[in-house]
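Participant: My questions will all concern the structure given below.
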Amino acid sequence: MDDGDDETVRLTAWVRGRVQGVGFRWWVRSRALELGLAGSAANLPDGRVEVVAEGPRGKCRELLRMLGGDVPPGVPRRPGEVTGVSERWSEPRGVGAGFHER
């Protein structure tokens, strides 16, 4: 059954909690690169981190689970403390290669 996991999508996630100044963006970048996703993680003035990732839907879902839920065994512990994640799914815009901290 095709559940759309291979479809290329854009995930925008806003992560709340103690996520600035603790290595969170670096951790997100590492996980995204391991998953083969392109995009960025940026600090916002209100204390949240905005994560934009483009790639296969299944890989974006996996990143989203790690942002706010359980981190799989063998993956380094998520720094800081996440209290919530909001998400938006959309069409990819072609963010280019790599994943960057902003």
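Readers should treat all values here as calculations from the given coordinates under stated rules, not as data from a laboratory. Only a predicted model underlies this, so the values are computations on that prediction, with no experimental measurement involved. Reconstructed Cβ throughout: ideal geometry from the backbone, glycine too, with neighbour counts over all protein chains shown.
Participant: How high is the relative contact order of the chain, in percent, with contacts defined as C-alpha pairs under 8 Å that are six or more residues apart?
Facilitator: 44
Participant: Give the percent of DSSP beta bridges with both residues in region 30-102 that are antiparallel, rounded to the nearest 5.
Facilitator: Approximately 65 percent, going by the DSSP bridge assignments.
Participant: Using R₀ = 25 Å, calculate the FRET efficiency as 1/(1 + (r/R₀)^6) where r is the Cβ-Cβ separation of R93 and R18; round to 0.05.
Facilitator: Once the sixth-power term is evaluated, E becomes 0.25.
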